[in-house]
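The values are calculated or read from the model by the stated rules, or taken from the named source; none is laboratory data. It should be emphasised that the depicted structure is a prediction, and the values quoted were computed from it without experimental measurement. Backbone-built Cβ (ideal geometry, glycine too); neighbour counts: all protein chains shown.
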Amino acid sequence: MTDDQRWDSLGCYGDKVVKTPNIDALSNEGTRFQDAFSCAMLCCPSRTSFFTGNYASHNECFYNNKQSQIGLAKFSFIESLKKAGYRVGLSGKNHAFQKDYAMHWFDNFVEYSPWGKGEEDVPGVLMPSDMAVRNFLSTSGSKSSLGHKLLEGLIDFPEPFPEDRTITARIADDAIAFVDHNKSKPFFLNMAFPAPHWPNIVCEPYFSMYKSQLNNISLAGMDEIDWDTYPLAHYLQLQCAGFDKMSKEDNQKILVVMYGQIHSLINRLAVS
């Protein structure tokens, strides 16, 4: 799973800029959905629906809080897999399971937030470099009306860490370790990347990789949004984050970095 990624930001769905050869190859050999949709805009309602097969209204999950996530009193297909003898793991973003459920049904549960590893109360291996990444992402960036973090908007500098220390790399490496340890048994792994969700920042060489494609990135429709047809929350977020003051070039620069994020996570899996 990737987070906040548009369906058409992959080569197999027609994007002419971003390079995603491995996902494209998987698409050619597997199943690619043409008419799928998300049943909820927020993380927790959407992710709990993935694991339960029910709409957010049935799950009573409407917000991104732990109270509405899947606890021991709720059912998900993870239970069926576990009872059938599968080894079950998660590497990456959670936003679906409460701690009691994760500890009871998962064999391996290594959680990362969009800010990195360290704050979650589900145990896992935590290295000093994990805290360095987390401290950077949660305290760096210019002050905005949303706080001091690197939130939505244009970030004009790369993440100052080598690739193998980044959240994307750590999630991929943890996931691959789980597969290597369990490949002789039936297993299920939920590998969930926060990227390319904001903050749109990535290390080099990915930060600069698509700069030469700046003028080839289309913003069709972004200048003609009829806000009367969108939820009020979208408009308020636009105002708070300052998107309404950004130029066309600023928006293209954000997308350039987003393409770098996508390239980074797909490349990491291929290298590993």
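Return the pairs, sorted by first residue and then second, in which the second residue is at pLDDT 85 or above and basic (Lys, Arg), the first residue lies in the range 233-258 and is under 10 Å from Leu214 (Cα atoms), the beta carbons are less than 7 Å apart, and the residues are 6+ apart or on different chains.
That search, which allows pairs on different chains as well, returns Val256/Lys211.
Is the range 34-44 home to any residue that is assigned to a helix (DSSP H, G or I) and within 27 Å of Trp198 (Cβ to Cβ)?
Here is the first cut: in the range 34-44, the residues assigned to a helix (DSSP H, G or I) are 43-44.
Those left that are additionally within 27 Å of Trp198 (Cβ to Cβ): 43-44.
Checked against the condition, which is being assigned to a helix (DSSP H, G or I) and within 27 Å of Trp198 (Cβ to Cβ), the range 34-44 yields at least one hit.
Within the range 33-53, work out how many residues are surrounded by fewer than 17 Cβ atoms within 10 Å (Cβ to Cβ) and touching a helix residue (DSSP H, G or I) at 6+ places or on another chain (Cβ under 6 Å).
Summing the residues that are surrounded by fewer than 17 Cβ atoms within 10 Å (Cβ to Cβ) and touching a helix residue (DSSP H, G or I) at 6+ places or on another chain (Cβ under 6 Å) in the range 33-53 gives 2.
Please count how many residues of the range 55-89 are among the acidic types (Asp, Glu) and under 29 Å from Ile176 (Cβ atoms).
Filtering the range 55-89 for residues among the acidic types (Asp, Glu) gives 60, 79.
Narrowing the set further to residues that are under 29 Å from Ile176 (Cβ atoms) leaves 79.
Residues flagged as among the acidic types (Asp, Glu) and under 29 Å from Ile176 (Cβ atoms) within the range 55-89 amount to 1.
If you take the residues in the range 9-30 that are among the charged types (D, E, K, R) and part of a helix (DSSP H, G or I), which one is surrounded by the most Cβ atoms within 10 Å (Cβ to Cβ)? Break it down into steps so the answer makes sense when it comes.
In the first step, residues of the range 9-30 are kept if they are among the charged types (D, E, K, R); the result is 15-16, 19, 24, 29.
If we keep only those that are part of a helix (DSSP H, G or I) too, we end up with 24, 29.
Values: Asp24: 15, Glu29: 6.
By that ranking, first place goes to Asp24.
Of the conditions (1) of a type in the set (Val, Ile, Thr); (2) over 21 Å from Ile176 (Cα atoms); (3) in contact (Cβ under 8 Å) with a residue 60 or more places away in the chain, Thr52 clears all except one; give me its number.
(3)
For a quick check of your reading of the model, give me the residue pairs whose first member lies in the range 97-113 and is more than 19 Å from Glu60 (Cβ to Cβ), whose second is in a loop (DSSP other than H, G, I, E, B) and among the acidic types (Asp, Glu), with beta-carbon atoms closer than 8 Å and at least 6 apart or on different chains.
As it stands, the answer is Glu111/Glu120; Tyr112/Glu120; Ser113/Glu119; Ser113/Glu120, since those pairs meet every condition given.
Among (1) touching a Gly at 6+ places or on another chain (Cβ under 8 Å); (2) within 30 Å of Lys99 (Cα to Cα); (3) touching a residue at least 40 places away in the same chain (Cβ under 8 Å), which single condition is Ile23 missing?
Going through the list (1) touching a Gly at 6+ places or on another chain (Cβ under 8 Å); (2) within 30 Å of Lys99 (Cα to Cα); (3) touching a residue at least 40 places away in the same chain (Cβ under 8 Å), Ile23 breaks only (2).
Given the residues Ser142, Ser138, which is the only one that is modelled with pLDDT under 85, of a type in the set (S, T, N, Q), part of a loop (DSSP other than H, G, I, E, B) and out of contact with any helix residue (DSSP H, G or I) (no Cβ under 7 Å at 6 or more places or on another chain)? Reasoning before the result, please.
Working: Ser138 fails: part of a loop (DSSP other than H, G, I, E, B).
Step by step, each of Ser142, Ser138 is checked, and only Ser142 is modelled with pLDDT under 85, of a type in the set (S, T, N, Q), part of a loop (DSSP other than H, G, I, E, B) and out of contact with any helix residue (DSSP H, G or I) (no Cβ under 7 Å at 6 or more places or on another chain).
Please indicate, with yes or no, whether at least one residue in the range 219-237 is in contact with an Asp or Glu (Cβ under 6 Å, 6 or more places away or on another chain) and modelled with pLDDT under 95.
Our first condition is that a residue be in contact with an Asp or Glu (Cβ under 6 Å, 6 or more places away or on another chain); within the range 219-237, this holds for none.
No, that holds for no residue.
Report, by residue number, each residue of the range 181-228 that is outside any loop (DSSP other than H, G, I, E, B) and of a type in the set (Lys, Arg).
Looking only at the range 181-228, we keep the residues that are outside any loop (DSSP other than H, G, I, E, B), and these are 181-182, 187-192, 206-209, 211-216, 222-224, 227-228.
Listed by number, the list holds a single entry, Lys211.
Residues Tyr206, Tyr235: which one is closer than 18 Å to Glu163 by Cβ and not β-branched (Val, Ile, Thr)? Give the derivation first.
Numbers: Tyr235 fails: closer than 18 Å to Glu163 by Cβ.
Criteria check complete, one pass: Tyr206.
For the range 65-86, enumerate the residues that are surrounded by fewer than 19 Cβ atoms within 10 Å (Cβ to Cβ) and touching a residue at least 40 places away in the same chain (Cβ under 8 Å).
Answer for the range 65-86, where residues must be surrounded by fewer than 19 Cβ atoms within 10 Å (Cβ to Cβ) and touching a residue at least 40 places away in the same chain (Cβ under 8 Å): Leu81, Ala84, Gly85, Tyr86.
For the range 14-64, what are the residues that are touching a Cys at 6+ places or on another chain (Cβ under 6 Å) and farther than 23 Å from Glu79 by Cβ?
Taking the range 14-64 as the starting set, the residues that turn out to be touching a Cys at 6+ places or on another chain (Cβ under 6 Å) are 24, 27, 44-45, 48-49, 55, 61, 64.
Across the range 14-64, the qualifying residues are Asp24, Ser27, Asn64.
Restricting the search to the range 230-261, which residues are of a type in the set (Phe, Trp, Tyr) and over 22 Å from the mean Cα position of the chain (by Cα)?
Taking the range 230-261 as the starting set, the residues that turn out to be of a type in the set (Phe, Trp, Tyr) are 230, 235, 243, 259.
Tyr230, Tyr235 - these are the residues of the range 230-261 that are of a type in the set (Phe, Trp, Tyr) and over 22 Å from the mean Cα position of the chain (by Cα).
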